[in-house]
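Everything on this sheet refers to the single structure shown next.
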């Protein structure tokens, strides 16, 4: 482990973990975002794949577009004055949802060309991604740079796609005994294909995920302290 990373982990481990949107700070597991598509639609691996592609086409481009347009109504402080919020929150909300809608209109023909009529299985929840907090939650936050919009957008996309595949494949196996249509066993829990079953499966996955993330954070803290303790001895030897 590099000394700079070890110092950051030791100084502020939560800030270090905050940047990891795939595992340690997954938007679904840690923040409860994007639950509706997960529990209602991610019933099979194929549905999870369609949702993952849709989110990949929507999230980062819409975040980039919103980053550009929202500069007309910038929030420059983490805790802005009530007067500033009153003037800027509504137009910023419209900018973020409108940006997502514009990107959706461009992305839908691509999704339709790739998945065809199978896309109909996603129903109303596909266009509802336009107002999904994964895409729009930043409208009340401080103005971000384009580089940060791209970086965080890609990391959130990977984190959300990962949880989609895990939940979708797990629910398909539990309900149908198959994964991506390949039969593996008999049905284990038929209700896994229902929204109620989706909440149960997602709850179990999140509980296991959080436990593993906590263990990994503890491991990183131990490694960081060990790295910082070893460096002075090494420097003395070099002298």
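Test of understanding: among 135, 184, which residue is modelled with pLDDT under 95 and in contact with a strand residue (DSSP E or B) (Cβ under 8 Å, 6 or more places away or on another chain)?
Every option except 184 fails the conditions.
Which condition breaks for residue 30 when tested against (1) over 26 Å from residue 206 (Cβ atoms); (2) at pLDDT below 90; (3) buried (at least 17 other Cβ atoms within 10 Å of the Cβ)?
(1)
Please verify whether the range 158-167 includes one or more residues that are surrounded by fewer than 21 Cβ atoms within 10 Å (Cβ to Cβ), in contact with a helix residue (DSSP H, G or I) (Cβ under 7 Å, 6 or more places away or on another chain) and more than 16 Å from residue 55 (Cβ to Cβ).
no
Among 220, 212, 202, which is closer than 26 Å to residue 32 by Cβ, buried (at least 17 other Cβ atoms within 10 Å of the Cβ) and within 20 Å of the chain's Cα centre (by Cα)?
None of the other options fit; the residue is 202.
Sort out which residues of the range 193-208 are closer than 13 Å to residue 166 by Cβ and either touching a helix residue (DSSP H, G or I) at 6+ places or on another chain (Cβ under 8 Å) or assigned to a loop (DSSP other than H, G, I, E, B) (or both), and write them in order of number.
198, 201, 202, 205 - these are the residues of the range 193-208 that are closer than 13 Å to residue 166 by Cβ and either touching a helix residue (DSSP H, G or I) at 6+ places or on another chain (Cβ under 8 Å) or assigned to a loop (DSSP other than H, G, I, E, B) (or both).
The rows are residues; the columns are (1) farther than 25 Å from residue 159 by Cα; (2) modelled with pLDDT of 90 or more; (3) out of contact with any strand residue (DSSP E or B) (no Cβ under 9 Å at 6 or more places or on another chain).
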site: 62; (1), (2), (3): no, yes, yes
site: 65; (1), (2), (3): no, yes, yes
site: 89; (1), (2), (3): yes, no, yes
site: 92; (1), (2), (3): yes, no, yes
site: 101; (1), (2), (3): no, yes, yes
site: 105; (1), (2), (3): no, yes, yes
site: 116; (1), (2), (3): yes, yes, yes
site: 131; (1), (2), (3): no, no, yes
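Kindly establish whether residue 84 is under 23 Å from the mean Cα position of the chain (by Cα) and at pLDDT below 90.
Answer is no for this residue.
For the range 186-196, which residues satisfy the criterion of being over 20 Å from residue 35 (Cβ atoms) and surrounded by 11 or more Cβ atoms within 10 Å (Cβ to Cβ)?
Hits for the range 186-196 are 187, 188, 190.
In the range 9-18, what residues are within 25 Å of residue 137 (Cβ to Cβ) and free of Cβ contacts under 8 Å to residues at least 12 places away in the same chain?
Of everything in the range 9-18, those that are within 25 Å of residue 137 (Cβ to Cβ) and free of Cβ contacts under 8 Å to residues at least 12 places away in the same chain turn out to be 12, 14, 15, 18.
Just one of 60, 43, 10 is in a helix (DSSP H, G or I), in contact with a helix residue (DSSP H, G or I) (Cβ under 9 Å, 6 or more places away or on another chain) and surrounded by 19 or more Cβ atoms within 10 Å (Cβ to Cβ); which is it?
Unique residue meeting the criteria: 60.
Given the residues 154, 135, which is the only one that is surrounded by fewer than 20 Cβ atoms within 10 Å (Cβ to Cβ) and within 13 Å of the chain's Cα centre (by Cα)?
None of the other options fit; the residue is 154.
Could you please find all residues in the range 67-79 being surrounded by 16 or more Cβ atoms within 10 Å (Cβ to Cβ) and over 19 Å from residue 153 (Cβ atoms)?
The one that is surrounded by 16 or more Cβ atoms within 10 Å (Cβ to Cβ) and over 19 Å from residue 153 (Cβ atoms): 73.
The values are calculated or read from the model by the stated rules, or taken from the named source; none is laboratory data. Small disclaimer: the values here were computed from a predicted structure and weren't measured. Neighbour counts run over all protein chains shown; Cβ positions are idealised from the backbone, glycine included.
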